[in-house]
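One structure is given below, encoded as structure tokens.
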Amino acid sequence: MLREQDFEPEHKHFIDSLEMDFSWAVGGAAIVNPFGEYIAGPVYNKDTIVYADCHANELKAVNVVFDGLGHYSRPDAVKIYEQKNLLSNSKLLSYQDLKNISESTEVPLKKLEKVMEKVEERVKISKK
């Protein structure tokens with residue numbers, strides 16, 4: 001919490017301003033795995049530390065399937081040439097591809113299939 005003495009004299013006018021109204025900030029601390037699933041929390045209106053076991057192999061598997069950092073949108077990092085109707089007529093990765101990723105990263109195939117479904121939904125939305 002910021003106290004009045006934490007503000008320099010020239011910034012004291014911020015104390016009662018709307019910019020400092022954090023009454024809406026009620027927490028929601030959580031840990032989400034790379035598949036977008038809660039593995040701990042969310043915790044609201046409570047001071048606590050949230051703990052969870054995280055598995056690096058899940059991150060590796062998701063990175064193979066989905067570029068969560070948006071590198072695909074950065075022309076300086078990567079250039080992708082989309083063949084006409086490639087994404088609308090076929091799956092992004094085959095079942096065998098997913099199975100191979102699952103085996104090499106020791107991540108359950110069901111989790112990877114779930115991620116691919118979400119990616120395919122996003123591709124369909126972006127094609128509209």
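Just so you know, all these numbers are worked out from the coordinates, no wet-lab data involved. Worth saying up front: this structure is predicted, and the values here are computed from it rather than measured.
Using the 2.2 N^0.38 Å rule of thumb for compact globular proteins, work out how the range 4-44 stacks up: its C-alpha Rg over that value, please.
Dividing the Cα radius of gyration by 2.2 N^0.38 Å gives 1.86.
Lys124: which aspartates and glutamates have alpha carbons under 16 Å from its alpha carbon, excluding same-chain residues fewer than 8 sequence positions away?
Glu82
Amide H neighbours of Gly27 under 5 Å, counting only residues 5+ apart in sequence or on other chains, H built in-plane at 1.01 Å?
Correct list: Asn45.
Give me, ordered by chain and number, the residues 5 or more places off Ile39 or on other chains with an amide H under 5 Å from its own placed amide H.
Residues meeting the criterion, in which the H sits 1.01 Å from N, are Ile31, Val32, Asn33.
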